[in-house]
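Notes for the one structure printed next.
The values are calculated or read from the model by the stated rules, or taken from the named source; none is laboratory data. All values reported here derive from a predicted model rather than from experimental measurement. A quick note on method: Cβ atoms are made from the backbone with ideal geometry, for glycine too, and the neighbour counts reach across all protein chains shown. Keep in mind that these areas ignore ligands, DNA and RNA; they rest on the heavy atoms of the full protein, side chains included. Shrake-Rupley method; radii C 1.70, N 1.55, O 1.52, S 1.80 Å.
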Amino acid sequence: MSDMAKDAWRKYLIQLQAHPLRTKAITAGVLAGCSDAIAQKISGIKKLQLRRLLLIMLYGFAYGGPFGHFLHKLMDIIFKGKKDKTTVAKKVLLEQLTSSPWNNMFFMMYYGLVVEGRPWGLVKSKVRKDYPTVQLTAWKFWPIVGWINYQYMPLQFRVVFHSFVASCWAIFLNLKARSVTVKAD
């Protein structure tokens, strides 16, 4: 690793230690923005939609990072920091039965109502149609991520790891949440 990258990583770790919530929120926002830029490119949008990108970043910053921060702190309290395989399985199961369905539903509603500016009736219809597929797909993917996260990641890195993987997941979710094909500008 170059000296510049090592120095940047060291500074990031200092911020993560000194200001964990703020650092996780910023990280989640930046990664959400990167995933949206990639999703826009994949979907054929020629000119980057800056408003959409900023609203997705806002979602990561204001919701994704803070939600993950407090979720992982709560899980550590509930399970008293244990990392044995049975406890990890319980954490993954609890997360998949509670926050996973909520997060996917919330993202789809946020995307339709805020990002696309669609009326509630259209968003509700879109969620009703696509949510089951999204959630079933999530249950095939996220338990593995959850297992790795709870088994191998220290508490302070769980949101960062989750945010990184979520940026990849968000590309799928972002493309699935879109109501209509957007013309390339």
Regarding the range 148-169, can at least one residue be identified that is free of Cβ contacts under 8 Å to residues at least 12 places away in the same chain, part of a helix (DSSP H, G or I) and more than 17 Å from Lys83 (Cα to Cα)?
no
What are the residues in the range 140-163 that are open to solvent by 70 Å² or more (accessible area, probe 1.4 Å), hydrophobic (A, V, I, L, M, F, W, C) and out of contact with any helix residue (DSSP H, G or I) (no Cβ under 6 Å at 6 or more places or on another chain), if any?
Phe141, Ile144
Hits in the range 103-117 - residues which are surrounded by fewer than 18 Cβ atoms within 10 Å (Cβ to Cβ), touching a helix residue (DSSP H, G or I) at 6+ places or on another chain (Cβ under 9 Å) and of a type outside the set (A, V, I, L, M):
Phe106
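Can you pull out every residue in the range 23-38 that is open to solvent by 50 Å² or more (accessible area, probe 1.4 Å) and either of a type in the set (Ser, Thr, Tyr) or within 13 Å of Val160 (Cβ to Cβ) (or both)? Steps first, answer last, please.
Within the range 23-38, the subset open to solvent by 50 Å² or more (accessible area, probe 1.4 Å) is 26, 30, 34, 38.
Those that are open to solvent by 50 Å² or more (accessible area, probe 1.4 Å) and either of a type in the set (Ser, Thr, Tyr) or within 13 Å of Val160 (Cβ to Cβ) (or both): Ile26, Val30.
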Apart from one, (1) open to solvent by less than 20 Å² (accessible area, probe 1.4 Å); (2) farther than 16 Å from Phe107 by Cβ; (3) out of contact with any Ser or Thr (no Cβ under 6 Å at 6 or more places or on another chain) all hold for Ala5; the odd one out is (1)
Of all residues making up the range 21-54, the number that are in contact (Cβ under 8 Å) with a residue 40 or more places away in the chain and touching a Gly at 6+ places or on another chain (Cβ under 6 Å)
4
Do the conditions hold for Lys73, that is, is it over 18 Å from the mean Cα position of the chain (by Cα), of a type outside the set (A, V, I, L, M, F, W, C) and surrounded by fewer than 17 Cβ atoms within 10 Å (Cβ to Cβ)?
no
Give, as residue ranges, the helices (runs of 4 or more DSSP H) completely inside the range 39-143 that count at least 3 residues that are closer than 19 Å to Lys24 by Cα.
50-59, 65-78, 99-110
